[in-house]
1. Looking only at the range 140-162, decide whether some residue is hydroxyl-bearing (Ser, Thr, Tyr) and within 17 Å of Gln65 (Cα to Cα).
2. So Ser38 ticks every box in (1) modelled with pLDDT under 90; (2) open to solvent by less than 20 Å² (accessible area, probe 1.4 Å) but one. Which box is left unticked?
3. Can you pull out the residues in the range 106-115 that are crowded, with 18+ Cβ neighbours inside 10 Å and not acidic (Asp, Glu)?
4. Can you name the residue in the range 74-124 that is assigned to a loop (DSSP other than H, G, I, E, B) and in contact with a Cys (Cβ under 9 Å, 6 or more places away or on another chain) and is also modelled with the highest pLDDT among such residues?
5. Filter the range 125-135 down to the residues that are modelled with pLDDT of 95 or more, outside any loop (DSSP other than H, G, I, E, B) and within 27 Å of Val171 (Cα to Cα) and list them by number.
6. Within the range 140-159, work out how many residues are part of a strand (DSSP E or B) and closer than 19 Å to Ser74 by Cα.
7. Within the range 41-53, which residues are open to solvent by 30 Å² or more (accessible area, probe 1.4 Å) and assigned to a loop (DSSP other than H, G, I, E, B)?
8. Quick one: would you say Leu177 is hydrophobic (A, V, I, L, M, F, W, C), within 21 Å of the chain's Cα centre (by Cα) and either at pLDDT below 95 or surrounded by fewer than 12 Cβ atoms within 10 Å (Cβ to Cβ) (or both)?
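The values are calculated or read from the model by the stated rules, or taken from the named source; none is laboratory data. All of these numbers come straight from a predicted model, not from anything done at the bench. Neighbour counts run over all protein chains shown; Cβ positions are idealised from the backbone, glycine included. For accessibility, only protein heavy atoms count, side chains too; no ligands or nucleic acids. Shrake-Rupley method; radii C 1.70, N 1.55, O 1.52, S 1.80 Å.
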Amino acid sequence: MEQEQGISEAMRIKPVDLFDKLKVWLFGQIIWRLVYRSASTRWLLHRILPILRCNKPKERKVLGQKLLLNPNRSVLEMKLWLLGMYEPEVVDYFNTEVSPGQIIVDIGANIGLFTLMGAEIVGQQGRVIAYEPHPDTFQELCGNIERNGYANVMPVQCALSDTPGILRMNVCSDCDLNSVALRADQKVIDVSAKTLDASLKEL
């Protein structure tokens, strides 16, 4: 009851403002374009961050949710660490369109920021089903769900596709651009895939 009454105060009281959008834009123009798009500059950055003592996971509160973040592990975690904000347009959508009691399906949940935000808004009468196929990222997702104490989240370790089976996922070893469509570097893993209809029927 307490959880439902305090529906995402950090989000509801503080809507996304111009400064939030500006800092996310600047991050994209500077850190992403100049650093993360090149394997060599990523390599250099990942060796500088430990010198600055930014290579150990620490718990941070982002948009009212507790996340274990290591900025030296992925660009997503670096962005959340530095900015405390991610995809302002999606945050705005959650603030205006998601309501208590709804069911949310988060496809490609990653470490779970939007999964957790959704869980807080929909409350105990709602449900969030979070799909994440990468085994290490899935463990991080489950850890963050437990860290926030949400009992209304159902994490599922699989990819979603138009046909069930096994998909080959390209894994970026020094960023978070894992994809079955885009090439990363040399590492490839097999992940289980289901159709959304079949998975929801199982659940």
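1. From the range 140-162, those hydroxyl-bearing (Ser, Thr, Tyr) are 150, 161; that's our starting set.
From what is left, the residues that are within 17 Å of Gln65 (Cα to Cα) are 150.
Yes: the range 140-162 contains one or more residues that are hydroxyl-bearing (Ser, Thr, Tyr) and within 17 Å of Gln65 (Cα to Cα).
2. (2)
3. Narrowing the range 106-115 to residues crowded, with 18+ Cβ neighbours inside 10 Å: 106, 109-115.
Selection gives Ala109, Asn110, Ile111, Gly112, Leu113, Phe114, Thr115.
4. Keep residues of the range 74-124 that are assigned to a loop (DSSP other than H, G, I, E, B), which gives 74, 84-87, 98-102, 108-112, 123-124.
Adding the requirement that they be in contact with a Cys (Cβ under 9 Å, 6 or more places away or on another chain) leaves 74, 112.
Working: Ser74: 81, Gly112: 96.
Out of the qualifying residues, it is Gly112.
5. Matches in the range 125-135: Val128, Ile129, Ala130, Tyr131.
6. 0
7. Those that are open to solvent by 30 Å² or more (accessible area, probe 1.4 Å) and assigned to a loop (DSSP other than H, G, I, E, B): Pro50, Ile51, Leu52, Arg53.
8. Values: hydrophobic (A, V, I, L, M, F, W, C): yes; within 21 Å of the chain's Cα centre (by Cα): yes; either at pLDDT below 95 or surrounded by fewer than 12 Cβ atoms within 10 Å (Cβ to Cβ) (or both): yes.
Judged against the criteria, Leu177 is a match.
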